[in-house]
Structure formats: structure tokens, C-alpha cells
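This report refers to the structure that appears directly beneath it.
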Amino acid sequence: MSVKNNEQSKIDEHLVQDGFTLLQIENDSNQVLKYIKDVSSNLIQIHFCINNDAQLQFGPHYSLGVKSQNSVLLYNPNQTLAINLSLNPKGKYLVFLVTIKMFHSFFSQVADIIPFLNEENKNKKYYLDKELSPSEVLVLNQIFEDQKLNGMHNLYIKAKVYEVLSLYFSKTSNDEQSCPFLDSEANVERIKKAKQVVISNMADPPSLQEIADEVGLSLSKLKEGFKHIYGESVFNFLLDYKLEFARKQLLTKKYNVSEISLQIGYSTPSHFITAFKKKYGTTPKQYIMSIN
């Protein structure tokens with residue numbers, strides 16, 4: 001593997017499982033990032049250009065453009081297809097590398113609806129170029145957004161990778177009916193901002209209408225979009241966040257239960273203790289004793 005002409009690139013390889021690798025490439029510079037990696041002929045390559053365009057070079061005379069929010073699937077069992085990628089400035093790009101054997105195991109029950117997995121085509125080369133749906137773009141972006149310090153990074157990455165595969169090969173899609181406003185990247189950014197507003201004011205959170213006004217969304221779109229992206233309502237998310245924050249504060253042993261309950265907005269420690277026990281199955285004091 002080689003990386004050229006870019007000291008501000010972020011390139012990570014995640015082993016999803018044996019035979020399945022994720023390449024995560026982010027170009028934070030103002031120059032084109034050149035990335036080269038040898039790839040075995042028994043691997044399926046699925047390329048996802050999240051934002052800004054990219055180009056794949058195959059030999060001296062042929063190249064393939066990969067537009068922003070588009071994907072390319074490549075498989076040729078008779079020829080090695082090295083990745084020779086040029087990623088535009090500020091671009092984000094993901095590649096799934098999966099052995100054909102493992103890939104068959106994922107979809108053995110639905111091979112009839114995935115053309116290159118049927119008996120006639122399974123040993124032939126295959127190429128697919130398609131535009132990504134809003135749901136696919138959303139999940140792909142979440143891979144970049146994950147905080148590595150949360151202790152669950154590897155599990156989170158695996159879950160998102162398989163979610164992408166499920167969306168990518170689904171026979172039908174109702175994205176537009178389920179959440180049409182997510183077609184707008186700007187609206188997704190507003191939802192992310194809403195999450196930060198909630199976190200920054202967890203001890204005394206604004207109302208839903210106040211949050212909606214601050215980020216520039218209608219109340220209904222805030223509710224719908226937040227649940228679509230984060231899987232729960234705004235205030236259920238906030239409750240989980242506050243209790244997890246409290247649990248980590250307990251581990252530091254810097255604050256007592258009353259102090260922590262005030263930090264996260266409980267007027268009395270008893271309400272905090274009740275909420276903590278409901279979530280974790282133990283009181284804060286018992287939790288600390290179990291750690292000790």
C-alpha cells in the first residue's frame with residue numbers, strides 16, 4: 001500500500017471479520033490524495049464515494065470516475081484489480097473488500113435476486129455502478145462520525161458495515177416514503193446540530209420547539225429525523241446520554257451521588273437513583289461497590 005502527496009489524510013483498515021476488510025479513507029487536505037493498494041483477485045470490491053468525486057485508475061489507459069454519493073462494485077476472478085485511487089480534497093471514501101466465499105455465505109438464501117451470485121454468473125467478472133440512496137449515505141457517514149473513545153468502536157463499525165450491505169442489496173427501497181427530508185444533506189446536518197444542542201444543555205435542556213427553532217427545522221421534521229438517525233426520540237436519547245455520563249462520573253470517584261445528580265439536571269438525588277437503577281439494574285452506590 002502507498003499513500004502520496006497528502007500529510008493530512010486519515011486511512012484506517014478495519015478487520016470486520018476474517019475475509020472482510022473495511023478501508024476508511026478521508027482526505028482533509030486541499031490536495032488530491034493518491035492511494036494505492038494491491039488486492040487479491042478473490043475479493044469483491046465495493047467502493048463508496050461519500051462526498052467529493054474520486055477516480056480509479058486501471059493501467060495506463062483506463063480510468064473510472066466515482067461521483068459523490070455513488071458506488072462501484074468490482075469483481076474479476078481472472079485478474080487482480082489493484083486499488084489506484086485519486087480522492088479529491090475534503091473527500092470521504094470507503095471500500096469493502098470481501099472474499100467471494102464469504103460474500104456467498106451472506107446471501108446464500110437470496111442469490112436469485114443478486115445477479116452475480118447465481119450459478120451462471122458466480123465465477124464471472126461483475127461490475128455495478130449505482131447511485132447511493134439517502135439511507136445508504138446516512139449510514140456510511142455514521143461510520144466516519146463514530147467516536148473511537150466510546151469503547152464499542154469495533155462493534156459499532158461492524159454493525160454499520162452490515163447495515164450498509166443490507167441496504168445496498170435490498171430488492172426494494174422505500175426511503176423516499178419513510179423519510180423524504182433526509183434527501184437533503186443540510187437537514188441531516190441540522191439533526192446533528194440538534195444532538196449537540198441537547199448534549200451541551202443536558203442539565204437544563206431547551207424544549208423541542210426551541211431546539212427546532214435553533215437548528216432551523218420544523219418540530220415534526222426534528223422529531224422524525226432525530227429518530228431516523230439516532231434510533232430514538234430526542235429526550236430518550238438525552239436520558240440515555242445523561243445516565244451514561246453519570247456512570248462514567250461515578251467511576252472517577254471525584255463526585256458523590258448528589259453532585260452528579262445536579263450535574264445532569266436532577267433536582268433531587270432520589271430521582272437520579274431511581275433512573276439509574278432502572279437503566280443499569282443497580283443503584284449508583286451499589287454500582288461503585290461492585291467496581292471496588
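The values are calculated or read from the model by the stated rules, or taken from the named source; none is laboratory data. Just so we're clear, the structure is a prediction, and the values are computed from it rather than from any experiment. Because the Cβ atoms are built from the backbone with ideal geometry, glycine has one as well, and the counts that use them run over all protein chains shown.
Things worth noting here:
- Scan the stretch 58-94 for residues that are under 22 Å from Leu132 (Cα atoms), out of contact with any helix residue (DSSP H, G or I) (no Cβ under 6 Å at 6 or more places or on another chain) and assigned to a loop (DSSP other than H, G, I, E, B) and the total you get is 6.
A quick yes/no check of all residues on (1) surrounded by 14 or more Cβ atoms within 10 Å (Cβ to Cβ); (2) in a helix (DSSP H, G or I); (3) in contact (Cβ under 8 Å) with a residue 60 or more places away in the chain:
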{"position": "Phe245", "(1), (2), (3)": "yes, yes, no"}
{"position": "Gln249", "(1), (2), (3)": "yes, yes, no"}
{"position": "Ser261", "(1), (2), (3)": "yes, yes, no"}
{"position": "Gly265", "(1), (2), (3)": "yes, no, yes"}
{"position": "His271", "(1), (2), (3)": "no, yes, no"}
{"position": "Ala275", "(1), (2), (3)": "yes, yes, no"}
{"position": "Lys278", "(1), (2), (3)": "no, yes, no"}
{"position": "Tyr287", "(1), (2), (3)": "yes, yes, no"}
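- Asn42 being among the polar types (S, T, N, Q), closer than 29 Å to Pro134 by Cβ and in the same structural domain as Met102 (by TED's automatic domain parsing): no
- Whether a residue is among the polar types (S, T, N, Q), in a strand (DSSP E or B) and under 15 Å from Phe20 (Cβ atoms) was assessed, and Gln55 does not pass this test.
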